[in-house]
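Asks: First, the structure itself, so that you have it in front of you.
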Amino acid sequence: MKSEAAEYVLKTENLTKTYGRDKAVNAVSMNVKKGDIYGFIGKNGAGKTTFMRMVAGLAVPTEGSMELFGSTELELQRKRIGTLIEEPGIYPNMTAAENLEIVRRSLGITEKNIVNDMLAFVGLEEAGRKKVKKFSMGMKQRLGLATSLLRSPDFLILDEPINGLDPSGIKEIRDLLLKLNRERQITILISSHILGELSKMATRYGIIREGSLIEEFGAEELEEKCKRCQKIVVDNTGLASNILEEKCRIRNYDVLEHNVIRIFERIDEAALINRALVTGGVELRESYLAGQDLEGYFMDLLGNAPKNSKGLGGDKNA
């Protein structure tokens, strides 16, 4: 039987980063299991990048604690991490091979063939003498990913690796990440605004809002949360809940923020349920049938989604 230390690649407890009076990250307790592709979701400025920088050792926490691979010897364990946070650190006037060779030497890696092997793995073996400044966005991201893989890490931390890519570039990066996870058993913490793509990879999710981790759930839980339902918006969720349970005999529902209730049973009897709520004194502001995806569920949690929300948009400064 595996110990907890062997199961978790990352565990944080109340990890906090304060700048002046502002808490960029507020008491985040995250659990990333070995083998996860953990989708880290949040709007611009929510604290994703700051959190990742603390895990990678690029920023010092103000409060809280962290374990990597079950150990508090963070500097030692960070040698097992590869990172691609913000823009890839590459030299535009050099080739891909020259860039990787500089990183290889700086890391003290003696295996010279690793540069060619890594270029082949990320599909840049044909780049030849082409300078990086002439690379497409997708090629630059693949080079950044190759750089993060040089130490053969057990854990990858990737901040918006598919942001700004065209559909073919997105698919290339997605396929590479799935290959790393499945064939090399690399655990991945990844943030992205492209939630539809994230849902094709992630096995677990964490949602951060205004610096606080408000929910963690697995892919199977997401499927359950996003199943077809009747969604209502009311003035009093407590009274509405009582009516649903006592008069309508409904137990399978949940209550979200901003007075939203999702009902998962008897959805073909929406008119009867609405009548019971109104008769019982509830102000029924909205009522409609919904079937959500990750984007819809995320936007509901933040309370500012149009019903047909397509994504988060925005840039990488999160």
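Asks: If Val25 meets every condition in (1) under 25 Å from Glu87 (Cβ atoms); (2) of a type outside the set (Gly, Ala, Ser); (3) over 18 Å from the mean Cα position of the chain (by Cα) apart from one, which number is that one?
Replies: Failed condition: (3).
Asks: A further question on this structure: Filter the stretch 170-199 down to the residues that are over 12 Å from the mean Cα position of the chain (by Cα), on the phi < 0 side of the Ramachandran plot and in a loop (DSSP other than H, G, I, E, B) and list them by number.
Replies: Arg184, Ile186
Asks: Looking at Asp154, Asp159, Asp175 in this structure, which one is of a type in the set (Asp, Glu) and free of Cβ contacts under 8 Å to residues at least 24 places away in the same chain?
Replies: Asp175
Asks: Exactly one condition in (1) surrounded by 15 or more Cβ atoms within 10 Å (Cβ to Cβ); (2) under 28 Å from the mean Cα position of the chain (by Cα) is not met by Glu257; state its number.
Replies: The failed condition is (1).
Asks: Follow-up question, since we're still on this one. I'd like to know if the stretch 139-155 contains one or more residues that are farther than 22 Å from Gly39 by Cα and open to solvent by less than 40 Å² (accessible area, probe 1.4 Å).
Replies: Within the stretch 139-155, one or more residues are farther than 22 Å from Gly39 by Cα and open to solvent by less than 40 Å² (accessible area, probe 1.4 Å).
Asks: Can you tell me which of (1) at positive phi; (2) open to solvent by 60 Å² or more (accessible area, probe 1.4 Å); (3) of a type in the set (Gly, Ala, Ser) is the one Gly281 doesn't meet?
Replies: (2)
Asks: Right, here's the next one. Kindly indicate which of Ile207, Ile214 is open to solvent by less than 10 Å² (accessible area, probe 1.4 Å) and in a strand (DSSP E or B).
Replies: Checking each option against the conditions leaves just Ile207.
Asks: Pairs only if they're at least six apart or on different chains, beta carbon under 6 angstrom, first in the stretch 221-245 and under 20 Å from Asp268 (Cα atoms), second assigned to a helix (DSSP H, G or I); list them, first residue then second.
Replies: Taking only residues 6 or more apart or on different chains, the pairs are Lys225/Tyr297; Cys226/Tyr297; Gln230/Ile267; Gln230/Ala270; Val234/Ala240; Ala240/Leu277; Ile243/Ala276; Ile243/Leu277.
Asks: Please indicate, with yes or no, whether at least one residue in the stretch 39-47 is touching a Lys or Arg at 6+ places or on another chain (Cβ under 7 Å) and farther than 23 Å from Gly144 by Cα.
Replies: yes
The values are calculated or read from the model by the stated rules, or taken from the named source; none is laboratory data. Quantities reported herein were computed from a predicted structural model and do not represent experimental measurements. All Cβ positions, glycine included, derive from the backbone under ideal geometry; neighbour counts span all protein chains shown. With ligands, DNA and RNA removed, areas are computed over all heavy atoms of the protein, side chains included. Shrake-Rupley method; radii C 1.70, N 1.55, O 1.52, S 1.80 Å.
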